Amino acid sequence: MEKLRIQGGHMLSGKVRVGGAKNAALPELAATLLTDEPVRLTNVPAVRDVATIIRLLEHLGVQIERDANGTHSRLCAFNGTEAPYDLVKTMRASFLVLGPLLVRTGRARVSLPGGCAIGARPVDQHLSALTQLGANLRVEKGYVIAEAQRLNGSEVTFSSPTVGGTEHLMLAASLAQGTTVLRNAACEPEVADLAILLNLMGARIEGAGSDTIEIRGVSELGGADHKILPDRIEAGTYLVAGALKGDRLEIANCRPAHLEAVINKVQEIGANIEPGDGSLCISASTDYRASNTRTEPHPGFPTDMQAQYMTLMTQAVGTATVTETIFENRFMHVPELNRMGADITIDGHSAIVRGPRQLGGARVMATDLRASASLVLAGLVAEGETIIDRLYHLDRGYESLVEKLGAAGAKVERFRE
Ligand code: EPZ
C-alpha cells in the first residue's frame, strides 16, 4: 500500500500548474456514447476516476486512445448496454452512462452507485427526471433496468440542485424528441463546460451555468474537439497550500472567476491574493482571522473545498464554524486533524475550529478525496513528519500532486511500506 511522507515547515514558491477538471471530464467522457463520430478531449486529468470511467466506456464499446494530443474517443458499436456494479461502485459518476445508453439503444442496465464515505448520495432525482422524459425504470438486485422507445422532452424541476442530475438530464435530453427545460438546475462551471461540448457535438442547449437550462432535442450528435476547463477545486486546494506556506506561490492555468467564493473567503481572513490572467499568486500570512463558512451550491462556497478550508482555520486566530450543507457525513478529516493537534469539535452539520494551533506530524488515514487533501495541507504546515495512508483516495482527483508540491519546495514523497 502506497503512503505519503511529508516533512512539514517548508515554504512553497514558484508555479503550480492546474490540470483539467475531473468533475467535467467524467460527464464529458460519458457524452462520447452519444455519437458514433470521434470526440477529442484535451486537458483530461490523469486521475483514477477518469481511468475508471474510461474502463467502463471501453467495456461498452467506446475505443479510447490517449496521447500527447489528448484523449480520443470513438464509439464503434455498442458492446452491450450494461454498466457493472464493480465499475459503478468505485466511481459513482459512472451512473451517468445510463441516460446516453437509454437514448441511443432504448435500453440500459446500470448498477445503482450506492453510497460512499461522505454520504448516502441517492440518485432519486436522476431517476424521477428520466421517468418524466418517458423512461420505464425499475430497480432489480441493485441495478436500474431502463427501457424507452424514445425519450420525450419535458419540464423538470429538481427539488434541490444536483450536479450529476443536471448533467445526466442534459446528456439524455440532447437526443430526446422535443424540448426539455431543467429548473433549479445546478450552476457549477462543470455543467456549463459539458454544455459547451454537447453544443459542439450539435446539441442545442441554452442557459447552462444558470438554474434554468433549455435543451432542444436533435436527432443525432456528431464528433467534437474540446479542451476541458481547469479544475477549480485543484486550484483552490493549492491556493490554501499557498495561504499556509506560500512565498509568492503562483497557481497557474486556473480561472479565478470559478473560485470567487473561495478567493473572497481567503481574502476575508487576511490573505493577500494577487489575481492574474488565468492565475493566482499568494503568500502565507501569520495572522489570519477565523471566519465562519457554510457550503452552498455554486456560486456559494464549494463543499469540495470544506475540508481544505478547515485545515486553514486551524492556523487562524479565533473560532470558526464550518457548516456542511450538501453532504451528511463530510467531516471524516476532523478526527485525523485533531490527532495532529487541531482543536475541532463537531456539532451536527457544523464543525467548530479553535485556532491557532501548532500542528504536529502524525500517521493519519485518508478517508475520502477531499479529506485526504486536507491532511496533505496539514502535513505541509505541521512540525515534523506526517505519514498519510490510503493514498488511493487522493489519486482519485489530484494528478501529480507529489511532483507539483515537490517542485514548489515541499518535502513530500510516496513510498511503499
Ligand atoms: C458532484 O457530485 C461532484 N462529483 C462532487 O465532487 C461534488 O461534491 C458535488 O457534485 C456537489 O458539488 C462529480 O461531479 C463527479 P449532487 P454529485 O448530485 O453530482 C443529493 C469531489 O470531491 N442528491 O450535486 O453526486 C446528494 O446526496 C466530488 O470531486 C439526492 O438526494 O452531487 C447530495 O447531498 C465529491 N438525490 C446533494 O444532493 C439525487 O438524485 C448534492 O449532490 C442527487 C443528489
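Out of the range 360-417, which residues are touching a strand residue (DSSP E or B) at 6+ places or on another chain (Cβ under 9 Å), acidic (Asp, Glu) and more than 16 Å from the ligand (Cβ to nearest atom)?
Glu383, Glu385, Asp389, Glu413, Glu417, listed by residue number.
Scan the range 354-362 and tell me whether some residue there is open to solvent by less than 70 Å² (accessible area, probe 1.4 Å) and farther than 24 Å from Asp287 by Cα.
Scanning the range 354-362, I find at least one residue that is open to solvent by less than 70 Å² (accessible area, probe 1.4 Å) and farther than 24 Å from Asp287 by Cα, so the answer is yes.
Given the criterion under 18 Å from the mean Cα position of the chain (by Cα), under 30 Å from Asp36 (Cβ atoms) and in a helix (DSSP H, G or I), identify the matching residue among Val240, Val191, Val262. Spell out how you get there, then give the answer.
Values: Val240 fails: under 30 Å from Asp36 (Cβ atoms); Val262 fails: under 30 Å from Asp36 (Cβ atoms).
None of the others qualify; the one that does is Val191.
Return the only residue of Val334, Val402, Val317, Val376 being crowded, with 24+ Cβ neighbours inside 10 Å and of a type in the set (A, V, I, L, M).
Of the residues listed, the single one that is crowded, with 24+ Cβ neighbours inside 10 Å and of a type in the set (A, V, I, L, M) is Val376.
Among the residues of the range 88-100, is there at least one that is more than 23 Å from Asn23 (Cβ to Cβ) and surrounded by 15 or more Cβ atoms within 10 Å (Cβ to Cβ)? Full working, then the answer.
Taking the range 88-100 first, the residues more than 23 Å from Asn23 (Cβ to Cβ) are none.
Taking every residue of the range 88-100 in turn, none turns out to be more than 23 Å from Asn23 (Cβ to Cβ) and surrounded by 15 or more Cβ atoms within 10 Å (Cβ to Cβ).
Tell me which residues, restricted to the range 72-96, are of a type in the set (S, T, N, Q) and within 16 Å of the ligand (Cβ to nearest atom).
From the range 72-96, those of a type in the set (S, T, N, Q) are 73, 79, 81, 90, 94; that's our starting set.
Of everything in the range 72-96, those that are of a type in the set (S, T, N, Q) and within 16 Å of the ligand (Cβ to nearest atom) turn out to be Thr90, Ser94.
Within the range 132-167, take every residue that is hydroxyl-bearing (Ser, Thr, Tyr) and closer than 26 Å to Ser219 by Cβ and give me the one that is surrounded by the most Cβ atoms within 10 Å (Cβ to Cβ).
Here is the first cut: in the range 132-167, the ones hydroxyl-bearing (Ser, Thr, Tyr) are 143, 154, 157, 159-160, 162, 166.
When the remaining residues are screened for being closer than 26 Å to Ser219 by Cβ, the result is 154, 166.
On the way: Ser154: 19, Thr166: 29.
Looking at the filtered set, the residue picked out is Thr166.
Residues in the range 176-200 that are open to solvent by less than 30 Å² (accessible area, probe 1.4 Å) and over 23 Å from Phe301 (Cβ atoms): how many?
Adding up the residues that qualify gives 7.
Does Val322 meet the test of being within 24 Å of Thr162 (Cα to Cα), in a strand (DSSP E or B) and in contact with a helix residue (DSSP H, G or I) (Cβ under 6 Å, 6 or more places away or on another chain)?
Against the criterion (within 24 Å of Thr162 (Cα to Cα), in a strand (DSSP E or B) and in contact with a helix residue (DSSP H, G or I) (Cβ under 6 Å, 6 or more places away or on another chain)), Val322 qualifies.
Just checking: which of the strands (runs of 3 or more DSSP E) contained wholly in the range 58-162 hold 2 or more residues that are among the hydroxyl-bearing types (Ser, Thr, Tyr)?
By residue number, 70-75.
Can you work out which of the residues in the range 46-57 that are in contact (Cβ under 8 Å) with a residue 60 or more places away in the chain and in a helix (DSSP H, G or I) is surrounded by the fewest Cβ atoms within 10 Å (Cβ to Cβ)?
Arg48
Can you find a residue in the range 292-305 that is among the hydroxyl-bearing types (Ser, Thr, Tyr), assigned to a strand (DSSP E or B) and open to solvent by 20 Å² or more (accessible area, probe 1.4 Å)?
no
Filter the range 103-150 for residues that are over 26 Å from His393 (Cα atoms), within 11 Å of the ligand (Cβ to nearest atom) and among the hydrophobic types (A, V, I, L, M, F, W, C) and give the result.
Leu127, Ala129, Leu130
Just need a number here: residues in the range 23-45 that are open to solvent by 10 Å² or more (accessible area, probe 1.4 Å) and either touching a Lys or Arg at 6+ places or on another chain (Cβ under 8 Å) or acidic (Asp, Glu) (or both).
6
What number goes with the only condition from (1) within 27 Å of the chain's Cα centre (by Cα); (2) open to solvent by 20 Å² or more (accessible area, probe 1.4 Å); (3) within 16 Å of the ligand (Cβ to nearest atom) that Met170 does not pass?
(2)
The values are calculated or read from the model by the stated rules, or taken from the named source; none is laboratory data. Everything numeric here is computed off the predicted structure, so don't read it as measured data. Every residue, glycine as well, gets a Cβ built from its backbone with ideal geometry; the counts of neighbours run over all protein chains shown. Just the protein is used for accessible areas: all its heavy atoms, side chains included, with ligands, DNA and RNA removed. Shrake-Rupley method; radii C 1.70, N 1.55, O 1.52, S 1.80 Å.
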